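S.K.: My questions will all concern the structure given below.
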Ligand SMILES: Nc1ncnc2c1ncn2[C@@H]1O[C@H](COP(=O)(O)OP(=O)(O)O)[C@@H](O)[C@H]1O
Ligand SMILES: [Mg+2]
């Protein structure tokens, strides 16, 4: 008895396609929900994140530059996590999404400050998610002013009176105008896929049990893996229809710039789509009826929505929430997709976001296979 | 000899939530036999059949089906068994042809399209082949189900109440099909409630409340029941018969009184006691004649016994 027969699997896929085509309402919803959510969610959700990881690239070792760094730290907006040696290193940190800001303190900063030469203090923000960086960027000048106030005493106090003694420059990288929708729309792609795909397949096996067709299916030689994959494959196409719709909307409705390769988005998305579909199928091997299936899908969807970095900036969340979030495929997909669309990341910068999703997928499939009931008990 | 035995199981037992539904079922079915499986609703017929084809795991018992072990080798049994479920279990949102096609492919048949076309012809499903299965009437659904479970030329058919709610003509067609298949060496286990169908089986088993009460050929079962039956006819008015039946029922020597149109069938186990009990009523307008006990009386008797046993 072979464990997997392509013939039987193909029969299952064919059957699912026909049933999907007949079920117009569900199919319509799969296409309609993304559009509706896009319009509803397309508008900003606000928050005031703190403790954002920041790198300091300092070429100056004066008391003044140290005060500024301390001031940033005590403001609670910034957490100084990295001290890169070179610009390239800092650049890489930001590209990989490890930090949200880089502060660059030029050579002879302290000396120039005292001379009244107004040295340049550069704050670069990864504004791909402007919600995350907006608050901190805005308060940066004030933080610097207060930090220097303590040090510039006596004759130097006059330097810090009317206008600041340093030339503070803030650069918003990737999303210079800090438009929230730029960040929201690609994120929505992941959210919508998670919601609709998990829900639709969670009904898949439950429906067979409830309608009594499971008894027929179980009396045939079809194997669990063939049933599970057969239920997944047709919906991968649905997932791709959704991605296409959302990317079109992103471009034409929200004018989101597309810096990376759309082909890369499509290629990497297959793993994410399959992972979500497998979650659905696995749910349907656990629950007893369709209502439970929907409830359990929501149970998976809500943490995905809250803890993936879609709703709240990931690095601004408490550690335990980040821990849960790191398990969820949406978290990694958001980084992947925002990276490609907003930062123009290529294959090399994106691939490391794919492994956690792949791992998640494998685990879910194994659980599903273990749970799949080969009898009616 | 043993190679001719298709099903041979001993002590199959299944409980749901602590309630024993099938209790130590023994069953032996020979190749080419049509084996009738009878018993009141809820007596465990469906559960027994599901255990035979591996859809339920027995709690206890052992045996073989088509030479494979029923407990551990159900995956090897499945390709050779055609199981027709009691409740329609094909896809209502697929057409007749799509349903058959899917089933043929899942069984991994070579040339499924041709096999399905043949099946549609054999079952006379042609006019409906593009109709959704959900829109078919009961009789056509049964026919489709039978077609689907015979597609892969199984060696054993397990048919669970295949003719429930089907009109007599369709039932006859159905049985003709089953007999044709049996003549080709296919074995069939069929559960039913109809007496005329029971009489068309080679051998029967009667199960009630999980216990196998009797088995054998029709003649054996009638003989083993040891029932003696009298027929009572009347020339004027039914009311007298009804009154008579009310008078007879409480008598201890009489096991059952059943009205058959304008006659009554009165059965009892002990011929001498029975004759004594009915003696006072053997007067005009009643005409008493000793007749052969029928299968129906045997089954009703078995059912009553098992009920009494439960009390
Ligand atoms: N999956 C199940 N869970 C719990 N009880 C069941 C299940 N299947 C059957 N039963 C019970 O087992 C008994 C026998 O059922 P069944 O085998 O369907 O009888 P039959 O086919 O002879 O009418 C019934 O009382 C039924 O309620
Ligand atoms: Mg039944």
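Quick note: the coordinates plus some simple rules give every number you see, no bench work behind them. Quick caveat, the model's predicted, so the values are computed rather than measured. Glycine also receives a Cβ, built like all others from the backbone with ideal geometry; neighbour counts cover every protein chain displayed.
S.K.: Using every Cα-Cα pair within chain B, state what percent have a distance larger than 28 Å.
M.R.: Summing the P(r) tail past 28 Å for chain B gives 48 percent.
S.K.: Return the Cα extents of the range B:1-124 along principal axes one, two and three, sorted largest first, each rounded to a whole Å.
M.R.: Sorted largest first, the three principal extents are 43, 36, 25 Å.
S.K.: Helix A:130-151 against the longest principal axis of chain A: what's the angle in degrees, Cα atoms only, rounded to the nearest 10?
M.R.: Computed tilt is about 20 degrees.
S.K.: Here's something else I'd like to know. Given 0.36 nm per residue, what is the gain on full extension from residue A:92 to residue A:39 after removing their alpha carbon distance, in nm?
M.R.: Going from the current span to full extension adds 15.7 nm.
S.K.: While we're on this one: Using Stokes-Einstein with the Kirkwood hydrodynamic radius over Cα pairs, what translational diffusion coefficient do you get for the range B:145-235 at 4 °C and a viscosity of 1.567 mPa s, in µm²/s rounded to a whole number?
M.R.: 85 µm²/s
S.K.: Now, a different point. Within the range B:246-282, which residues have the backbone N less than 20 Å from the label spot 7 Å out from residue B:290 along Cα→beta-carbon, could you tell me?
M.R.: Inside the label zone: B:253-258, B:264-282.
S.K.: At 0.36 nm per residue, minus the direct Cα-Cα distance, what do residue A:347 and residue A:326 gain on full extension? Give it in nm, one decimal, please.
M.R.: Difference between extended and current length: 5.5 nm.
S.K.: Report the FRET efficiency, 1/(1 + (r/R0)^6), for residue B:122 and residue B:236, where r is their Cβ-Cβ distance and R0 is 41 Å, rounded to 0.05.
M.R.: 0.15
S.K.: Any idea what angle helix A:224-252 forms with the longest principal axis of chain A, computed on alpha-carbon atoms, 0 to 90 degrees, nearest 10?
M.R.: Compared with the principal axis, the helix lies near 40 degrees.
S.K.: Taking all pairs of different Cα atoms in chain A, averaging 1/r and flipping that mean, what Kirkwood radius in angstroms comes out?
M.R.: This gives a value of 23.0 Å.
S.K.: Report the FRET efficiency, 1/(1 + (r/R0)^6), for residue B:167 and residue A:370, where r is their Cβ-Cβ distance and R0 is 35 Å, rounded to 0.05.
M.R.: Calculated value: 0.15.
S.K.: A further question on this structure: From zero outward in steps of 5 Å, how is the percent of C-alpha pairs of the range A:180-371 spread across the bins?
M.R.: For the range A:180-371, the binned pair fractions read 1, 8, 16, 20, 19, 14, 10, 6, 3, 2, 0 percent.
S.K.: Same structure again: Can you sort B:173, A:126, B:270 so the residue with the fewest Cβ neighbours within 10 Å comes first?
M.R.: B:270, B:173, A:126
S.K.: Viscosity 0.692 mPa s, temperature 37 °C: give me the Stokes-Einstein translational D for the range B:228-292 in µm²/s, with Rh taken as the Kirkwood radius over C-alpha pairs.
M.R.: Taking Rh from Cα pairs, D becomes 284 µm²/s.
S.K.: When each pair of different Cα atoms in the range B:62-154 is counted once in the 1/r mean, what is the Kirkwood radius in angstroms, to one decimal?
M.R.: 13.8 Å
S.K.: With each label point set 7 Å from Cα along the Cα-Cβ vector, what nm distance links residue B:4 and residue B:114?
M.R.: Placing both labels 7 Å along Cα→Cβ, they lie 3.5 nm apart.
S.K.: Now for a separate question. Under a crude label model (7 Å from the Cα following the beta-carbon direction), how far is residue A:363 from residue A:145 in nanometres?
M.R.: Once both label points are built, they end up 4.9 nm from each other.
S.K.: Which value in deg cm²/dmol, rounded to the nearest 500, describes the helix-derived mean residue ellipticity at 222 nm for the protein assembly as shown, given -39,500 (n - 2.57) per DSSP H run of n ≥ 4 and division by the residue count?
M.R.: Theoretical 222 nm ellipticity from helices: -16500 deg cm²/dmol.
S.K.: Could you work out how much longer the chain between residue B:41 and residue B:57 gets when fully extended? Use 0.36 nm per residue separation minus the Cα distance between them, nm to one decimal.
M.R.: Going from the current span to full extension adds 3.6 nm.
S.K.: I would also like to ask the following. Which whole number in µm²/s is D for the range A:52-173 by Stokes-Einstein, with the Kirkwood Rh taken over Cα pairs at 20 °C and 1.002 mPa s?
M.R.: In µm²/s, the coefficient rounds to 149.
S.K.: Something else about it: Across 10 Å bins from the origin, how do the percents of Cα pairs in the protein assembly as shown run, short distances first?
M.R.: Final binned percentages: 3, 12, 17, 15, 13, 11, 9, 7, 6, 4, 2, 1, 1, 0, 0.
S.K.: Once both labels are modelled 7 Å past Cα along the beta-carbon direction, what's the residue A:244-residue B:260 spacing in nm?
M.R.: Distance between label points: 7.1 nm.
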